[in-house]
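The values are calculated or read from the model by the stated rules, or taken from the named source; none is laboratory data. Every value quoted in this text rests on a predicted model; they were computed, and no experiment measured them. Cβ: placed from backbone, ideal geometry, glycine included. Neighbour counts: every protein chain shown. Protein only, heavy atoms only, side chains kept; ligands, DNA and RNA dropped before computing areas. Shrake-Rupley method; radii C 1.70, N 1.55, O 1.52, S 1.80 Å.
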Amino acid sequence: MIKSEYIAKLKKIVGKESVLSSKEDLTAYSYDATTTWAHMPDVVVLPTTSKQVSQILKLADEDKIPVTPRGGGTNVSGGSIPIKGGIVLCTTKMNKILEINKANLHAIVEPGVVLQDFNTVLAKQGLFFPPDPQSFLGCTMGGVVAENAGGPCCLKYGVTKQYTLGLEVVLANGYIMKIGGLTTKNRTGYELAMLFTGSEGTLGVITKITLRLLPMPPASKTIMAVYDDMAIAGEAISSILSNGVIPSKIEFIDNWGIRRIEELTPMDLPVEANALLLLESDGIQTAVEAEAQQIAHICKRSGAKGITLAKDQAEADRLWKARSGCFGAVFSAARTVLSEDIAVPRDKIPQFIQSCEEISRKYGVVIPLIGHAGDGNMHPSVLTDQRDTEHFGEARKAMDEIFETALSLGGVLSGEHGIGLEKQRFLKKAMDPVAIEIMKKIKGILDPNNILNPGKIWEEEA
């Protein structure tokens, strides 16, 4: 428990209105978008400058008080849960877009900028930032970088690390460090900016981000392919890519997702379909039209029972709204949802889909399956209720087997959500033990007192 005199010191740094300690406020920062984790912090601090972050961390490091960095709290791995109590350092008040340079195609932002707000501003200048996690309406840029976020567009454009040029990071001892720069090529020493991208708040607090931007594609075309068999839909993905076509998006929705979306918000989706692929081609208008026709032809040849090419932007928006609604559709369907984001090699998607169907039957649980299928990043979710001990136990076994299946197929534990608390028990199976020890040593160098987001990524020794 943090003493009142310590809280008084925090108020002196950031102002009393930016220090929250009531039970109601602490509860709001005790959980993230997972449904199985919660832990109350002792205090929440909302700084507005790098200097304030530095002063907070100096204070915490001196007294060995845990600090959990947090943005919008939309992450689904337990990464922003203050499992050790202490301070939640929330950066949502650091929300300025400091620079947009169209000539050099870069932007500098603070960590609290909401992704959707950022892209809205960029669009006015004909620019965009490709990583597009489904939490774009609420996630903040600090979290996007800390989790190395992905999304549908990453098939063609890559994930956040491909767009992180430089960072300002406050280390555990309060030192404000600048790494990287403004250039797309930078071979100056080790790639330290990449080290912090995806570090889940365990190595430092990100306070400024320099990002690479791209010109917005002038045209796009959306295609919906309907399948009677989920595994055949999975096989179609490899067929498309092996024919030399790289759509900007290939998204997968199973029958459960289709029916649930129609139940919540009717969008005239084919509820009889066992799977949908939603695809998008973007670029120059003439090339887009030709590529869309080629994609439709390959899908038909690969077993699609129906193909729809969106006739206009309104129809395309409707289809993509259905895809973005999957997250809400899943999480509103059960009190407890075990939602994951394994990634497997693309040619193993059919096997993974079949395994999920078998696991669902084996444990008697519902497992909706959606995902960014174009890059092998699938999102199986197990619907359960933590209050029902027996069912929750079966659900946990089912999810454990899903992880085992992904690893056996050459996949990984996480494509974009991170390890956090949710998947740390599997880390020893997924990584070389020497690699884990190297990560721990890096953590020890940068945060010797283990104050930054302790208890995350790997299991702590007893």
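A few comments on the model shown:
- Scanning segment 1-35 for residues being open to solvent by less than 30 Å² (accessible area, probe 1.4 Å), β-branched (Val, Ile, Thr) and within 20 Å of residue 420 (Cα to Cα) gives a total of 1.
- Every residue from segment 150-163 that is open to solvent by less than 10 Å² (accessible area, probe 1.4 Å), modelled with pLDDT of 95 or more and not in a helix (DSSP H, G or I): 163
- Scanning segment 423-456 for residues being open to solvent by 20 Å² or more (accessible area, probe 1.4 Å) and not in a helix (DSSP H, G or I) gives a total of 5.
- Some residue of segment 182-190 being open to solvent by 30 Å² or more (accessible area, probe 1.4 Å), in a loop (DSSP other than H, G, I, E, B) and at positive phi: yes
- Among the residues listed as 257, 303, the single one being more than 30 Å from residue 215 (Cα to Cα), open to solvent by less than 10 Å² (accessible area, probe 1.4 Å) and of a type outside the set (A, V, I, L, M, F, W, C): 257
- Condition met for residue 178 (touching a Gly at 6+ places or on another chain (Cβ under 9 Å), open to solvent by 30 Å² or more (accessible area, probe 1.4 Å), at pLDDT 95 or above and closer than 17 Å to residue 69 by Cβ): no
- In segment 412-421, the qualifying residues are those that are part of a loop (DSSP other than H, G, I, E, B) and in contact with a strand residue (DSSP E or B) (Cβ under 8 Å, 6 or more places away or on another chain), and the one that is nearest to residue 198 (Cα to Cα) is 416.
- Options 246, 284; residue that is at pLDDT below 95 and open to solvent by 20 Å² or more (accessible area, probe 1.4 Å): 246
- Of all the residues in segment 365-398, those that are open to solvent by less than 10 Å² (accessible area, probe 1.4 Å), in a helix (DSSP H, G or I) and modelled with pLDDT under 95 number 2.
- Residue 222 surrounded by 15 or more Cβ atoms within 10 Å (Cβ to Cβ) and outside any loop (DSSP other than H, G, I, E, B): yes
- Selection of first residues in segment 248-271 that are farther than 29 Å from residue 287 by Cα and of second residues that are of a type in the set (Asp, Glu) and in a helix (DSSP H, G or I), restricted to Cβ pairs under 7 Å at least 6 apart or on distinct chains, gives the following pairs, ordered by first then second residue: 271/262.
- Residues that are among the small types (Gly, Ala, Ser), in contact (Cβ under 8 Å) with a residue 60 or more places away in the chain and either assigned to a helix (DSSP H, G or I) or under 14 Å from residue 242 (Cα atoms) (or both) within segment 282-303 comprise 292, 296, 302, listed in sequence order.
- Candidate set: segment 81-105, residues that are under 22 Å from the mean Cα position of the chain (by Cα) and assigned to a strand (DSSP E or B); chosen: the one farthest from residue 49 (Cα to Cα): 88
- Residues within segment 90-132 that are of a type in the set (Ser, Thr, Tyr), open to solvent by 30 Å² or more (accessible area, probe 1.4 Å) and touching a residue at least 12 places away in the same chain (Cβ under 8 Å), tallied: 1
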